[in-house]
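Novice: The structure that follows is given in the form of structure tokens.
Just so it is clear, none of the values below were taken in a lab; they were calculated from the coordinates. The model shown is predicted, which means the values in this text are computed figures rather than measured ones. Neighbour counts run over all protein chains shown; Cβ positions are idealised from the backbone, glycine included.
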Amino acid sequence: MQQGYFSKEYTFMMIKPDAVKAGHSGAILKRIEEEGFQIRALKRLRLTKEQAMGFYAVHSARPFFGELTDFMASGPVIAAVLERDNAVAHWREVIGATDPAEAAPNTIRKLFAKSKGENAVHGSDSKENAAIETAFFFSGLELVGQ
Ligand code: IDP
Ligand code: MG
């Protein structure tokens, strides 16, 4: 799916199992709307270990890959496609640094993340990866514009 499908830029995000379990989904979805994003697709699902390995394949050589994919398969996640001007960079700014200890005040990871591994949310790091990650979770029929 190319970025031009929506009128503005889009990104892909997930609320990770730690934040879903802890009951932070509502606060995170509220923050998404407060930040001016339109939710264009949304679903709750539980990844298998194999699906988690596929999603994070780019990290397969990293020492934390096993821990990361076990965690991502440990409970339900909420996945969404968010549209906004400058969506990729703005969502990365709102979620904050990977490690909550290094995340800026009021970022989602500062507010809700438990650790560098269990860090509440995912955000695509480029427009290209937003397209790849969106296609991993959603079919074209599930992407709904205005
Ligand atoms: P990002 O999510 O901020 O883009 P990445 O470096 O792409 O961070 O890493 C992907 C995910 O892998 C992180 O969000 C986190 O859940 C996990 N992760 C990254 N570094 C570590 C680590 O050192 N230990 C455990 N898990 C990690
Ligand atoms: Mg990343």
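Novice: If you bin the C-alpha pair distances of the chain every 5 Å from 0, what whole percents do you get?
Specialist: Reading upward from the zero bin: 2, 10, 20, 24, 23, 14, 6, 1, 0.
Novice: Out of all Cα-Cα pairs in the stretch 107-146, roughly what percent, to the nearest whole number, are more than 14 Å apart?
Specialist: Values: 473 of 780 pairs.
Everything past 14 Å amounts to 61 percent.
Novice: Would you work out the relative contact order for the stretch 95-146, in percent, from Cα pairs under 8 angstrom that are 6 or more residues apart?
Specialist: 24 percent
Novice: Under a crude label model (7 Å from the Cα following the beta-carbon direction), how far is LEU141 from HIS59 in nanometres?
Specialist: Each label point lies 7 Å from its Cα, and together they span 3.2 nm.
Novice: For the chain, what is the calculated [θ] at 222 nm in deg cm²/dmol (nearest 500), taking -39500 (n - 2.57) for each run of four or more DSSP H residues and dividing by its residue count?
Specialist: Only helices count here, giving -10000 deg cm²/dmol.
Novice: Let me ask you something else. Suppose a student asked you for the relative contact order of the chain, using Cα pairs under 8 Å spaced at least 6 residues apart; what percent would you report?
Specialist: Normalised by residue count, the contact order of the chain is 38 percent.
Novice: I've got another one for you. When only C-alpha pairs under 8 Å and at least 6 residues apart count, what is the relative contact order of the stretch 1-81, in percent? Intermediate results must be reported in sequence, preceding the final value.
Specialist: Values: 84 pairs, mean separation 39.9, N = 81.
Once divided by the residue count of the stretch 1-81, the mean separation gives 49 percent.
Novice: Taking only the alpha-carbon atoms of the stretch 60-128, what semi-axes of the equivalent ellipsoid follow from 5 times the gyration tensor eigenvalues under a square root, in whole Å, largest first? It would help to have the intermediate numbers written out before the result.
Specialist: Values: eigenvalues 84, 49, 29 Å².
After scaling each eigenvalue by five and taking roots: 21, 16, 12 Å.
Novice: Another question about this same structure. Alpha carbon centre of the stretch 81-146 versus the stretch 1-57: separation in Å?
Specialist: If you average the Cα positions of each part, the centres end up 7 Å apart.
Novice: If you don't mind, another one. Give the Kirkwood hydrodynamic radius (Å, one decimal) of the stretch 1-47, defined as one over the mean of 1/r across all pairs of different Cα atoms.
Specialist: 12.3 Å
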